[in-house]
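Only one structure is covered here, and it is reproduced in the block below.
The values are calculated or read from the model by the stated rules, or taken from the named source; none is laboratory data. The structure presented is a predicted model; accordingly, all values stated were derived computationally and were not measured. Using ideal geometry, Cβ is built from the backbone for each residue, glycine included, and neighbour counts are taken over all protein chains shown. Only protein heavy atoms, including side chains, enter the accessible area calculation; ligands, DNA and RNA are left aside. Shrake-Rupley method; radii C 1.70, N 1.55, O 1.52, S 1.80 Å.
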Amino acid sequence: MELEALFSLFKKPFTVKYPFEPSPAPEGFRGRTEFTDECVGCGACAAVCPPKAITIVDEKKTRTMRIDHGLCIFCRSCQDICPWEGINLTQKFEMATLNRAESYDEIEHDLILCQGCGKVITTRRHMEEIRKKIEKVGLLDKDRNNIESYCISCKKDQFAREAIEASQPI
Amino acid sequence: MSLNPLISIFIIPGLLFTSVMTFLYAGMYRKVRARMQNRRGPPFLQPFYDFVKLLSKDSVRPEKAGALFTWAPIIALASILVVPMLFPVWGLSFAGDVIVVIYVLNMSSIMLAVGGFSSASPFGAVGGSREVTQLFAYELPLAISIVAVAVRAGSFSLTGIAEAQEVHGMLFYQLPFACIAFLSIVPAKIGLQPFDIPEAEQEILGGPLVEYSGYRLAIFTLSNQVKVFTVISLVVILFFWQNWWMFLITGGLLWLLFIFIKVISARVKTEQSFVFFWKYMAVLAVIDLVRVVI
Amino acid sequence: MLDKMVNYCRKKSPWLLHVSCGSCNNCDIEVLAALAPRFDVERFGGVLKPNPRHADIIVVTGIITLKTRDVLKRLYEQTMDPKAAVAIGSCAITKGIFNETYASYGPADKVIPVAAYIPGCPPRPQAILHGVVTALNALWGE
Amino acid sequence: MDVVVQFGPQHLALAEPERLKVYAEGEKVINVDITMGYNHRGVEKLAERKTYEQDILLVERICGICSMSHPLAFTQAVEDIAGVTLPERAEYSRMIIAELERIHSHLLWAGIAAEIIGIETLFMYTWRDREFVLDQLETITGNRNHYAWNTVGGCRKDITEKQIPGLLTALEVVERRTEHYIDSFLRNRTIRARLVGTGTLPRDDARRLCTVGPLARASGYAVDVRKDDPHLAYDRVDFEKIVLDEEDNMARAKVRLLEVFESVKIIRQAVAALKGLKGKEIAVPVKEIPPGEGVGRYEAPRGEVFHYVRSNGTFYPERVKIRAPTYANVQAVPVMLEGDTLGDVPITLASIDPCFCCTDR
């Protein structure tokens, strides 16, 4: 140690030049969590988030999904669960802010409301994805093509009504 | 060698010269220490920034603080500033000023202890008592080695000692043991490892300085930094004097040596430093004193 | 002119007081790591001071537990003006993963005014450096 | 003159809020009073309100330095309930991360201990070299600490082929540097003056007070969960239990630094084993946790971590109990401090490598 201290005097210091020079995080670093364009707004990430940093607010016809970076613990649970690669932990780490209200990332989605009762079914993009998947398996009923119009309880009602109507004569 | 006394007091080697050298030494300390620890370290002017910032900050006096709380830093600074005026670099001179130097150097240490005691904090009290203990530990070898130098040079004034060395060569060659004893005292005197026991930040949070803030802290810190320059210059004058520019260079080199020692050593305990100074260093100093007297 | 110089000096010499108020120790370690040779906060004049009387910037980590709330408050009061507090890590900003616990009084800005927030769990030392520099620039000018 | 010196709740040498009341006679320590609980965050209660997967991330945040040990013990407890056998790949990669953590923890301790006795340079050097380990952890797991590596039944990520060369180089650096630090600790006279003969904990006391980890091993009381109750792949790798019987602060420093070599040895073997493994599977899917009880033990850098989990068949655990190593070790501090001076208090307290956030949870 003694000699090392002496030699260090003439050696280049170990110090990095950051903040004057970028110091990129390695690949796979768990940094600032951001929604990507792939997000469909299904809300799986909000369900698994340990600190409940992702909130979903449905207002009228839009759904706002917001991740609070002050609350986020950068654990990658959301990214692991997301089937659509709709949320990503980026390599950004410079998140310092003077205004607490600024540190968030949000994404907005159009909502589909039930035509019967006006309740939220899901977001438009989520529905499109579901439709694609169902079409792929070939389960989509040609007659009943309006899966996005009614919520489950309304659909039950409608189905029952149709059944009653069908059995009306006699 | 002395010019107008006013110049001596205010310009060289008095206030102006001393303050420039003080910040130079302090900046060098921060920078060299950082580089020895393999990091880049603060800018050279860092001690100056710290000083101005501390002056601009609020300063409080604890309710239970003693009367000397405010005066301790001021007396410490004032007393330590006397020493450089006596340096043989166009400074003042009178017979027996070495005695004044010893007295005045102790004054600053005592004021540190007094400040600690009067700040009504257990850390301050422990720091103060450690400072006094430390003073007792190194005072004996310090006094003996200075006396040895004075006797050898045949003069009790700094100028006289310097002149004697100009004629007969450095006293280091003639009094190596006393010189070693004196060098070992320097870290204790200026509060560096291995003997920074009173100020131990990790143990007692900076000891006597614990309750100081704002301008009081700035003055105390400054007085400590002036002490660094003063004590090292004193070593040069007493043992390594050649001429005034070699005085600056030797001082810088010595300071490098002490920073190096600080960087590579841990803080020892009070009783260990006591044993070190009384058992070994005092004996070394006495050997040289006896040699000189006989 | 004098004001400018004083502000410059303040910016150049931030002395940090590190207060851990019930954190997982990790932000504390990263604050210390920022002092170590790799990141070396001392480049910006930052020194860790053990004592509130000497400090300028209070670095708060951890959820403020019920037991440390008064400690934090007292330490903030003991610090001399001008001063600022920086909250490091998710815990100090919003309580992070512990946000449903019974043992916390609230995030740091509920107890003391906070000047800058550095999110991360824990933030990289680079992020801490960035945060400290941001806070200093905001407090005492570019 | 009796002095009561209060260390903490905020203190440079502790870094964690904890209060230590030291009753001293002049400089001599008579008695020590430790007040804990400043760090209590209610983790055990909180764990009952989160799912098992979320709990892993929660227990990870009990402590920043043992952020692999707690999840390991917790997942073991849960896997114990579910009756899962891990894929071999997961066992080895968990072990690699855990041992990397041990290395960085021990280097960190050496630095803190050096800082406390006033030798700042050694602190700077050890923390500089610790960065090599942290870099590897960052590339492998995605964060310098808090690895988010575990899941019930395996790991969440795999160590890729590309990361291995970097890891091995870092190990070489660490090994070379650690030799250097042992040399420094043993040779530097001022460090010896502070560490040798202070904070003595006799073997009988170490046993009586149920100390664990390096503290116990430095007092000649050989406990090491990795050997005594092998799990993961610890019975398939070759390493030694470091036991010294010098009983003082220096012995603890030596035990920790020597353990770094053992960890390096373990990681090398694990990496070699990982290369030879055929299966690419890193986790067994665990569909449900049946009702029951499980325990997990792991030798954290500070000693044995013990987790107890009771499940009632739902997604949420019914009870989680955590016992941290410092809880056992901190009882030994008053014994260690007997007859020492005030200056020895911080270093002796630090010599147990206290982790109060584990203890308070």
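Let me check I have the definition right: for the protein assembly as shown, take the eigenvalues of the Cα gyration tensor, multiply each by 5, take square roots. What are those semi-axes in whole Å, largest first?
Those come to 61, 31, 24 Å.
Compute the longest continuous run of chain B that contains no exposed chymotrypsin sites (Phe, Trp or Tyr not before Pro); treat a site as exposed when its DSSP state is not H, G, I, E or B and it has at most 15 other Cβ atoms within 10 Å.
Longest site-free region, per DSSP loop and neighbour criteria: B:95-294.
Tell me the per residue accessible area of the stretch C:13-140 using a 1.4 Å probe; a whole number in Å² is fine.
Ligands and nucleic acids excluded, the result is 21 Å² per residue.
Within the stretch A:6-45, report the chymotrypsin sites (Phe, Trp or Tyr not before Pro) that DSSP leaves as loop and that have at most 12 other Cβ atoms within 10 Å.
A:Phe10, A:Phe20
Using r as the Cβ-Cβ distance of D:Val173 and A:Thr90, and R0 as 30 Å, what FRET efficiency do you calculate, to the nearest 0.05?
Computed FRET efficiency for D:Val173 and A:Thr90 comes out at 0.50.
What lysines does A:Lys119 reach when the alpha-carbon gap must be under 18 Å and sequence neighbours fewer than 8 apart in one chain are set aside?
A:Lys60, A:Lys61, A:Lys155, A:Lys156
Using a cut-off of 19 Å between alpha-carbon atoms, which lysines can reach D:Lys275, once sequence neighbours fewer than 8 places away in the same chain are excluded?
D:Lys157, D:Lys162, D:Lys265
In Å² (nearest 100), what accessible area is buried between A and D, both sides summed, heavy protein atoms only, 1.4 Å probe?
Using a 1.4 Å probe, the pair buries roughly 1900 Å².
I need the shape label for chain B. Rule: rounded when a/c is under 1.5, else prolate if a/b > b/c, else oblate, with a, b, c from the alpha carbon gyration tensor.
Since a/c reaches 1.5 and a/b is larger than b/c, the shape of chain B is classed as prolate.
Can you list the cysteines of chain D that have no other Cys Cβ under 4.7 Å away?
D:Cys155, D:Cys210, D:Cys357 - these cysteines have no disulfide-compatible partner (Cβ-Cβ under 4.7 Å) in chain D.
When the Cα atoms of the stretch A:24-166 are enclosed in a convex hull and the volume is divided per residue, what value in Å³ results?
Residue-normalised Cα hull volume stands at 122 Å³.
Where a Cα-Cα gap under 28 Å defines reach, which lysines qualify for B:Lys53, not counting those fewer than 8 residues away within the same chain?
A:Lys17, B:Lys31, B:Lys64, B:Lys189, B:Lys227, B:Lys262, C:Lys4, C:Lys11, C:Lys12, C:Lys49, C:Lys73, C:Lys83
With a probe of 1.4 Å, find how much accessible area the stretch D:244-361 has per residue, and write the answer as a whole number in Å².
Values: 4130 Å² over 118 residues.
Counting only protein heavy atoms, the per-residue value for the stretch D:244-361 is 35 Å².
Mind listing, in residue-number order, the residues in the stretch B:36-51 that have at least 50 Å² less accessible area with every protein chain present than in their own chain alone (1.4 Å probe)?
Buried by 50 Å² or more upon assembly, which counts only protein chains, are B:Met36, B:Gln37, B:Asn38, B:Arg39, B:Arg40, B:Tyr49.
Report ³J(HN,Hα) in whole Hz for each residue of the stretch D:186-194, in order, from the Karplus equation J = 6.51 cos²θ - 1.76 cosθ + 1.60 where θ = phi - 60°; Gly and Pro get x.
Karplus-based 3J(HN,Hα) across the stretch D:186-194 equals 7, 9, 5, 5, 5, 5, 4, 4, 8 Hz.
What's the total accessible area buried between chains A and C, using a 1.4 Å probe, rounded to the nearest 100 Å²?
Roughly 2400 Å² of accessible surface disappears when A and C pair.
Before rounding to the nearest 500, sum -39500 (n - 2.57) across all DSSP H runs of length at least 4 in the protein assembly as shown and divide by the residue total; then give [θ] at 222 nm in deg cm²/dmol. Each step should come with its number before you reach the end.
On the way: 40 runs with 489 residues, N = 967.
It lands at -16000 deg cm²/dmol.
Estimate for me the total accessible surface buried between chains D and B (protein heavy atoms, probe 1.4 Å, no ligands or nucleic acids), in Å² to the nearest 100.
Working: alone 14840 and 13120 Å², together 25730 Å².
When D and B are taken together, about 2200 Å² of accessible area is lost.
How would the stretch C:13-140 be classified by its alpha-carbon gyration tensor: rounded, prolate or oblate, with rounded meaning a/c under 1.5 and the a/b versus b/c comparison settling the rest?
The shape class here is oblate.
Heavy atoms only, probe 1.4 angstrom, no DNA, RNA or ligands counted: give me D:Ile30, D:Ile116 ranked by accessible area, highest first.
These residues rank, largest area first, as D:Ile30, D:Ile116.
Of the heavy-atom accessible surface of the protein assembly as shown (probe 1.4 angstrom), what whole percent is carbon and sulfur? The partial results should precede the final answer.
Working: 21090 of 35820 Å².
Taking all protein chains in place, the protein assembly as shown shows 59 percent carbon and sulfur surface.
Using a 1.4 angstrom probe, figure out how much accessible area the stretch B:97-225 has per residue, in square angstrom, rounded to the nearest whole.
Ligands and nucleic acids excluded, the figure is 28 Å² per residue.
Just in the stretch D:283-349: which chymotrypsin sites (Phe, Trp or Tyr not before Pro) are loop by DSSP and have at most 14 other Cβ atoms within 10 Å?
Hits after loop and neighbour filter: D:Phe315.
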